[in-house]
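To keep things clear, I will list the structure first and then write my remarks on it.
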Amino acid sequence: MNQRPAPTTFLPATQGAADPLPGLTPAGLQTIGVLRARRLLVLTLNLVTLGGLLYGLSWVLGAGGWTLADGVIFVAFLFGAPWTVLGFWNAAIGLWLLHGVEDGRQQVAPFAADGDAAAPIAIRTAILMTLRNEDPARAFARLRIVKESLNATGEGGWFDYFVLSDTNDPAVAAQEEALAAELVRDAGEDCSIIYRRRDENAGFKAGNVRDFCERWGERYEAMLPLDADSVMSGEAIVKLTRMMQAHPRLGILQSLVVGMPSRSAFARIFQFGMRHGMRPYTMGSAWWIGECGPFWGHNAMVRIAPFRDQCHLPVLPGGPPLGGAVMSHDQVEATLMRRAGYEVRVLPEEMGSWEENPPTMLDFAKRDLRWCLGNLQYLKLMDLPGLKPMSRFQLVWAILMFLGLPAWTLMIALLPVKVMQDAGIPDYPAGLAAFLYVLFFAMYLSPKLAGFADILLTRGGTKRYGGTGRFIASSLIEIVFAFLQGAVSSFRTTLFVIGLVFGRAKIGWNGQSRDAHALSFATAFAGLWPHLLFGIYIFGTLLALSPTVLLWSLPLTAGYVLAIPFAMLSASPALGEWFARRGLCGIPEDFDPPAELVAIQAGPRA
């Protein structure tokens, strides 16, 4: 029985939380000295590694004397390599924490044990679902499942539900209103369910959530934002709530969000790679980022009072595309929450927190470019006063995530030039060049390799993925996929950034495609013909100049010429069904689905 608790007066978080003790993080979870030492170690490891790579690269590029192309490649590598180097060390540290020590969880998430305690819940939480022209039946079915799962824990009375719509399609809005009324009727009196639709999409999703905070935030201690494709188990939500309750200075607690089972080949392969690679990477990064962690905007607990009072997003100066409302709001809100004296943490454990991934390469690109634009807007936020150094680093790192991709495209574009210049150099250091190439590729793949190792080293790990044979076959498929997809994404981001420079890039905010569907040749060609043209340039020149170099370049360059057939094949529903029947690139929920995902599969357009 989920009875609503009696009305309770809650102190705002800024009043109910004790001031942090000297030498400790705001929630008292770790000593600042320990985190500072970890960060210094990670910084040293990264600088030494990057310095070694740059030293070796300088020997290769400088053979026969430096040219303009050599200088450009060197600078481009300086922009493109740091992301890979830090990814390597995050994965290595994460794997060590998972399998090299006994207290890895405690070192990374000292708050996690409070989620396992049987403490009664005493704070009220609002669960928010934000919508904009999404499939209403699909979204409301997921919210209903979340509610039913929470009720099954016996703690459902502590949670209310808000559907926050920015839909501007009248037909979709009418469906939302009807489904909201139905959900209210079915819920009875065990909770409040409120549907609200704004007339304007001011501030995008962040503005939608802020409107909730200002209208209803006083009623609740915390909120749990969900996207239209998000689902969380009641058990996971209750655990996060207990952690937030136990630590009043915990401002944002981000769950580890993983993909749901999919019939799309593209989504299956993508989320298979993300699933096992994400755990060691996030574990390693959380070890040293500590209380200045990430916020992904959904499937996370947020303390409302400091969020409402201290996390106002500025309107960026200038016109579009970089001016106006902040699109990638979540990481900015995380930095502001930390500035306000609250911790931002990620729990790097799989715990019943899911989302859907784009079903095709073109749908993935739309989402990726929206993130790209949002992250590059951080260039106008670097002068925000009062940010912690680690929080400011998070913003810089988010910018480099997308600026590094054009740098790699530039290096590949100059490859034929470099081949011509080096053709007549005696005693060219080919061995050193090959060594650096292989070493860097190993570092690039390290999060995936660490994920493979994590599953193989965990007792029963491969069984969760359908057995060792399926897991190894799926891993090989995913590595090939990653190289092809990486080339396509890098070049598309490069074109987008060039468009930004000339003020021509435009990104909207609307409903997303989530179901498996085929791509016609015309659609794929229209979206990917520049990739093909660039690939013809690279392949044609290298084939004429040095077929050997062309062969070595294939992991980086094959994706250009194969972009169109690769997009069509990976979007094929038939291939997705074939993968699903054979259990290839399946995730644990494919083989042992929890009750929440079983209910989704039985619902409308699952």
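Here are the numbers for the structure shown:
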quantity	calculated
Test result for ALA413, open to solvent by less than 30 Å² (accessible area, probe 1.4 Å), of a type outside the set (Phe, Trp, Tyr), touching a Gly at 6+ places or on another chain (Cβ under 7 Å) and within 22 Å of PRO555 (Cβ to Cβ)	no
The stretch 299-325: number of residues that are open to solvent by less than 20 Å² (accessible area, probe 1.4 Å) and at pLDDT 95 or above	10
Residue list for the stretch 341-351, restricted to those being in a loop (DSSP other than H, G, I, E, B) and either crowded, with 24+ Cβ neighbours inside 10 Å or hydrophobic (A, V, I, L, M, F, W, C) (or both)	TYR342, PRO348, MET351
Residues that are over 17 Å from LEU336 (Cβ atoms) and of a type in the set (Phe, Trp, Tyr), drawn from the stretch 276-296	TYR281, TRP287, TRP288
Enumeration of residues in the stretch 248-296 that are among the aromatic types (Phe, Trp, Tyr), touching a strand residue (DSSP E or B) at 6+ places or on another chain (Cβ under 9 Å) and part of a helix (DSSP H, G or I)	PHE270, PHE272
Exclusive hit being closer than 24 Å to LEU226 by Cβ and among the hydrophobic types (A, V, I, L, M, F, W, C), set MET390, MET361, MET327, MET382	MET327
Qualifying residue in the stretch 227-242 (condition: touching a Leu at 6+ places or on another chain (Cβ under 6 Å), open to solvent by 10 Å² or more (accessible area, probe 1.4 Å) and in contact (Cβ under 8 Å) with a residue 12 or more places away in the chain)	no
Those residues of the stretch 362-381 which are surrounded by 20 or more Cβ atoms within 10 Å (Cβ to Cβ) and closer than 19 Å to PRO406 by Cβ, in sequence order	PHE364, ALA365, LEU369, CYS372, LEU373, GLY374, ASN375, LEU376, GLN377, TYR378
Search result, residues across the stretch 193-218 that are more than 27 Å from VAL315 (Cβ to Cβ) and touching a Phe, Trp or Tyr at 6+ places or on another chain (Cβ under 7 Å)	ILE193, ILE194
Boolean, GLY499 is within 21 Å of GLY559 (Cβ to Cβ), among the small types (Gly, Ala, Ser) and surrounded by fewer than 21 Cβ atoms within 10 Å (Cβ to Cβ)	yes
Residue list for the stretch 547-606, filter: among the basic types (Lys, Arg) and at positive phi	ARG605
Qualifying position, being within 22 Å of the chain's Cα centre (by Cα), of a type in the set (Val, Ile, Thr), closer than 18 Å to GLY277 by Cα and modelled with pLDDT of 95 or more, among ILE477, ILE472	ILE477
Criterion violated by ALA450 - all others in (1) closer than 28 Å to GLU349 by Cα; (2) out of contact with any Cys (no Cβ under 9 Å at 6 or more places or on another chain); (3) open to solvent by 30 Å² or more (accessible area, probe 1.4 Å) satisfied	(3)
Per-region count, the stretch 382-392, residues within 25 Å of THR31 (Cα to Cα), touching a residue at least 24 places away in the same chain (Cβ under 8 Å) and open to solvent by 10 Å² or more (accessible area, probe 1.4 Å)	5
Residues within the stretch 215-248 that are in contact with a Gly (Cβ under 7 Å, 6 or more places away or on another chain) and of a type in the set (D, E, K, R), tallied	3
The stretch 453-478 - residue that is surrounded by fewer than 17 Cβ atoms within 10 Å (Cβ to Cβ) and of a type in the set (A, V, I, L, M) and, of those, nearest to LEU556 (Cα to Cα)	LEU476
From MET401, MET411, MET443, residue being more than 25 Å from GLY290 (Cα to Cα), assigned to a helix (DSSP H, G or I) and touching a residue at least 40 places away in the same chain (Cβ under 8 Å)	MET411
Subset of the stretch 183-197 (residues that are open to solvent by 50 Å² or more (accessible area, probe 1.4 Å) and within 16 Å of LEU164 (Cα to Cα))	VAL184, TYR195, ARG197
Filter result for the condition that a residue is under 30 Å from VAL438 (Cα atoms) and either under 27 Å from the mean Cα position of the chain (by Cα) or modelled with pLDDT of 95 or more (or both), over ALA558, ALA524	ALA558
Of the criteria (1) open to solvent by 40 Å² or more (accessible area, probe 1.4 Å); (2) outside any loop (DSSP other than H, G, I, E, B), which one ALA76 fails	(1)
Residue in the stretch 480-496 that is more than 25 Å from ILE538 (Cα to Cα) and either hydroxyl-bearing (Ser, Thr, Tyr) or in contact with a Lys or Arg (Cβ under 7 Å, 6 or more places away or on another chain) (or both) present	no
Test result for SER513, touching a residue at least 40 places away in the same chain (Cβ under 8 Å), surrounded by fewer than 18 Cβ atoms within 10 Å (Cβ to Cβ) and of a type in the set (Ser, Thr, Tyr)	yes
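Residues are listed down the side, and each one gets a yes or a no for (1) in a helix (DSSP H, G or I); (2) over 20 Å from ARG138 (Cβ atoms); (3) in contact with a Phe, Trp or Tyr (Cβ under 9 Å, 6 or more places away or on another chain):
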{"position": "LEU542", "(1), (2), (3)": "yes, yes, no"}
{"position": "LEU556", "(1), (2), (3)": "yes, yes, yes"}
{"position": "ILE564", "(1), (2), (3)": "yes, yes, yes"}
{"position": "MET568", "(1), (2), (3)": "yes, yes, yes"}
{"position": "TRP578", "(1), (2), (3)": "yes, yes, no"}
{"position": "PRO593", "(1), (2), (3)": "no, no, no"}
{"position": "LEU597", "(1), (2), (3)": "yes, no, yes"}
{"position": "GLY603", "(1), (2), (3)": "no, no, no"}
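To keep it simple, each residue is scored yes or no on (1) free of Cβ contacts under 8 Å to residues at least 12 places away in the same chain; (2) in contact with a Leu (Cβ under 8 Å, 6 or more places away or on another chain).
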| site | (1), (2) |
| --- | --- |
| MET278 | no, yes |
| GLY293 | no, no |
| ARG303 | no, yes |
| PRO306 | no, no |
| VAL315 | yes, no |
| ALA334 | no, no |
| MET351 | no, yes |
| ARG370 | no, no |
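Residue-by-condition table, conditions (1) within 30 Å of PRO406 (Cα to Cα); (2) of a type in the set (Phe, Trp, Tyr); (3) open to solvent by less than 50 Å² (accessible area, probe 1.4 Å):
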site: GLY503; (1), (2), (3): yes, no, yes
site: LEU528; (1), (2), (3): yes, no, yes
site: LEU545; (1), (2), (3): yes, no, no
site: TYR560; (1), (2), (3): yes, yes, yes
site: CYS585; (1), (2), (3): yes, no, yes
site: PHE591; (1), (2), (3): no, yes, no
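The values are calculated or read from the model by the stated rules, or taken from the named source; none is laboratory data. From a predicted model like this one, the values you see are computed outputs, not experimental measurements. Glycine gets a Cβ as well: all are built from the backbone with ideal geometry, and neighbour counts include every protein chain shown. Accessible surface areas use protein heavy atoms only, side chains included; no ligands, DNA or RNA. Shrake-Rupley method; radii C 1.70, N 1.55, O 1.52, S 1.80 Å.
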